[in-house]
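**Student:** This structure is in structure tokens; I'll ask about it shortly.
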Amino acid sequence: MTDAKAGSDTARPGTGGGLWRYGVPGVVTAAAAGGAFVWPVAAVPAVLVTAVAWLLGARLADGGQAEAEGESLEELERELRGLLHDIDDSLQAEFRTVLDDLGQIRGLVSDAVGQLNDSFHGMQAGTREQEELANNVITQTGGDSNLDQFGIRSFVQETEGILNNYVDLVVSMSRNSVETVHAMDDIATQMDGISQLLVNMKGIAEQTDLLALNASIEAARAGDSGRGFSVVAEEVRNLSVQAGEFNEKIGGEVGRVRTSVDKARKAVGDMASQDLNETLQAKDHITDMMTRLRQLDDEVEQAAGRIQQVAESIDGHVGAAVRSLQFEDIVTQLVDSSRSGVEGLDRYLSGLGHVLSETADQAEHGADYVARLAEARRRLAEQRDARESRRAEARHVAQRNMDEGDVELF
Amino acid sequence: MSVKDYTARNGKELVLEIKGQFDFSLHKPFRQAYRGHSGVEVYRVDLAQAEYMDSSALGMLLLLREHASGQGAKVVLCNCQEEVEKILRIANFQKLFQIERNGVEARGDS
């Protein structure tokens, strides 16, 4: 810019050679550079336009220095103005496209962020419900309360109690039975003693019979005097036979009692002999069942705990995502800043075009023309400085918002 | 199935060795084995070779215990096999008897 100013200062009055060589191309270069900065797509046409401006500027200036005929100078000025109008038109078309695109970006970002916000809200609600459910499960499975809740514990305890009672009953019955059998064994032994006594008695009866027989023989040998004794001896013999019969009857009874005792002994023995293995298995089964129920309980509690942890972690991620969605604010501000930049450039070009057309209408030449262009440049530079300071302010605000990074659902 | 008895420690300990099935068929020899000994302080029932035990065996052990306590003596059940020990435990005999496994006293709460 200082180069261009220096060029215009050294330009000889009346010719306007410095103006054409440096001033106008300088302005065009500045405009093109601004356009390329705001909208990189415009870089290629901007470079082309700049090159053409410098070439034409050089030719016009050469023409002025050579003091060619006024006709050819006017023709050159006309051509230059036409060219500047063309540049103005095509740049304005580019700016419109850029503005449209920026508007679309703003809308798209805003819609997408809105939808993302809704999604994250839904997700947060979902994880909160999940967390509550997991919490409920933990509360219910805490301790062994669900075992109590469904009566499983009391059922198992009752069953265990019944089994224990059954075992006690069986053992006590067996003990009594064995004791009874022992008593029966003793009775059998005593019966054997009675049988032995009966055998002895049988011997006595047989001996009595023998003695009575001897007495009868002795009585017969004594004749009449022994007749009475013979009767007595016969009676004694009858008694001994009767005693023998009684003895046999008693022996028979004792034998039958012995048989009955043996039968009872067997029955009581069967009663005493209970197989406890089935009871043992039932008890083992119940113990296993309880152990497995407790394991299941623990597993459910652990799984619920994990679910809760996962839900909390998802919640954290969602929070971070929601925080990141604040980029919309910043993007919007940046887009707005770009838009105002493009609009400013548009105004800049319009101002340039206005100056050119005014100078054409009033047919100003030479020193007036130079002064007019210098004034226009000064105003445009002021406008640009004002815009740049506004943009710097906007950037600073955007940066500060990003750094604060509060969790805020918008 | 048999019961073999012998005394140890100068007649102060009577050992009853059970072989095979410890069931009702042993009720007579078992009683005979512990009766008629005097001055016995410990009745040791060696179950190392007992393969099975039914409730009548438990009844016999209870009667032995009563017999022993009448003399101020105690009963020790030793060298039980696993199955036999389970039966003793289900009947809560560890509360009534001293149960030794391989010479070491085995106490259980269950």
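**Student:** Collect the residues in segment A:252-280 that are facing another protein chain (nearest Cβ under 10 Å), open to solvent by 70 Å² or more (accessible area, probe 1.4 Å), assigned to a helix (DSSP H, G or I) and under 18 Å from A:Leu169 (Cα atoms), keeping them in residue-number order.
**Tutor:** A:Asp270, A:Met271
**Student:** I need the full set of residues from segment A:265-293 which are closer than 23 Å to B:Phe93 by Cβ and of a type in the set (S, T, N, Q), in order please.
**Tutor:** A:Ser273, A:Gln274, A:Asn277, A:Thr279, A:Gln281, A:Thr287
**Student:** Away from chain A (no Cβ under 13 Å), of a type in the set (Asp, Glu), part of a strand (DSSP E or B) and under 30 Å from A:Thr189 (Cβ atoms): does that describe B:Glu100?
**Tutor:** no
**Student:** Residues being open to solvent by 60 Å² or more (accessible area, probe 1.4 Å), modelled with pLDDT under 70 and either part of a helix (DSSP H, G or I) or out of contact with any helix residue (DSSP H, G or I) (no Cβ under 7 Å at 6 or more places or on another chain) (or both): count how many of those fall in segment A:382-409.
**Tutor:** Summing the residues that are open to solvent by 60 Å² or more (accessible area, probe 1.4 Å), modelled with pLDDT under 70 and either part of a helix (DSSP H, G or I) or out of contact with any helix residue (DSSP H, G or I) (no Cβ under 7 Å at 6 or more places or on another chain) (or both) in segment A:382-409 gives 9.
**Student:** Moving on. Which one of A:Asp186, A:Asp209 is within 14 Å of another protein chain (Cβ to nearest Cβ) and either of a type in the set (Asp, Glu) or not in a helix (DSSP H, G or I) (or both)? Steps first, answer last, please.
**Tutor:** Details: A:Asp209 fails: within 14 Å of another protein chain (Cβ to nearest Cβ).
Being within 14 Å of another protein chain (Cβ to nearest Cβ) and either of a type in the set (Asp, Glu) or not in a helix (DSSP H, G or I) (or both) holds for just one of A:Asp186, A:Asp209, which is A:Asp186.
**Student:** With respect to A:Ile217, determine if the residue is closer than 30 Å to A:Leu133 by Cβ, in a helix (DSSP H, G or I) and of a type in the set (Val, Ile, Thr).
**Tutor:** So A:Ile217 fails the test.
**Student:** In this structure, does A:Arg379 turn out to be in a helix (DSSP H, G or I), open to solvent by 40 Å² or more (accessible area, probe 1.4 Å) and either modelled with pLDDT under 75 or not aliphatic (A, V, I, L, M) (or both)? Can you show your working first?
**Tutor:** Working: in a helix (DSSP H, G or I): yes; open to solvent by 40 Å² or more (accessible area, probe 1.4 Å): yes; either modelled with pLDDT under 75 or not aliphatic (A, V, I, L, M) (or both): yes.
So A:Arg379 fits the description; yes.
**Student:** Here's something else I'd like to know. Restrict the check to segment A:303-315 and report whether at least one residue is under 30 Å from A:Leu116 (Cα atoms), of a type in the set (Asp, Glu) and within 60 Å of the chain's Cα centre (by Cα). Steps first, please.
**Tutor:** Here is the first cut: in segment A:303-315, the ones under 30 Å from A:Leu116 (Cα atoms) are A:304-315.
Next cut, of a type in the set (Asp, Glu) only: A:312, A:315.
If we keep only those that are within 60 Å of the chain's Cα centre (by Cα) as well, we get A:312, A:315.
Within segment A:303-315, one or more residues are under 30 Å from A:Leu116 (Cα atoms), of a type in the set (Asp, Glu) and within 60 Å of the chain's Cα centre (by Cα).
**Student:** Which one is least open to solvent (accessible area, probe 1.4 Å), of the residues in segment B:51-74 that are within 14 Å of another protein chain (Cβ to nearest Cβ) and assigned to a strand (DSSP E or B)?
**Tutor:** B:Met53
**Student:** Now for a separate question. Take the residues in segment B:4-49 that are within 14 Å of another protein chain (Cβ to nearest Cβ) and assigned to a strand (DSSP E or B), then tell me which one is least open to solvent (accessible area, probe 1.4 Å).
**Tutor:** So, considering only residues that are within 14 Å of another protein chain (Cβ to nearest Cβ) and assigned to a strand (DSSP E or B), the one least open to solvent (accessible area, probe 1.4 Å) is B:Phe22.
**Student:** OK, next. Report yes if some residue within segment A:339-350 is touching a Phe, Trp or Tyr at 6+ places or on another chain (Cβ under 9 Å), open to solvent by less than 40 Å² (accessible area, probe 1.4 Å) and not in a helix (DSSP H, G or I); otherwise report no. Reasoning before the result, please.
**Tutor:** From segment A:339-350, those touching a Phe, Trp or Tyr at 6+ places or on another chain (Cβ under 9 Å) are A:341-343, A:345-346, A:349; that's our starting set.
If we keep only those that are open to solvent by less than 40 Å² (accessible area, probe 1.4 Å) as well, we get A:341-342, A:345, A:349.
Next, only the ones that are not in a helix (DSSP H, G or I) stay: none.
Checked segment A:339-350: no residue is touching a Phe, Trp or Tyr at 6+ places or on another chain (Cβ under 9 Å), open to solvent by less than 40 Å² (accessible area, probe 1.4 Å) and not in a helix (DSSP H, G or I).
The values are calculated or read from the model by the stated rules, or taken from the named source; none is laboratory data. Keep in mind the model is a prediction, meaning the values are calculated, not measured. Note that each Cβ is placed from the backbone with ideal geometry, even for glycine, and that neighbours are counted across all protein chains shown. Remember, those area values only see protein heavy atoms, side chains included, never the ligands or the DNA or RNA. Shrake-Rupley method; radii C 1.70, N 1.55, O 1.52, S 1.80 Å.
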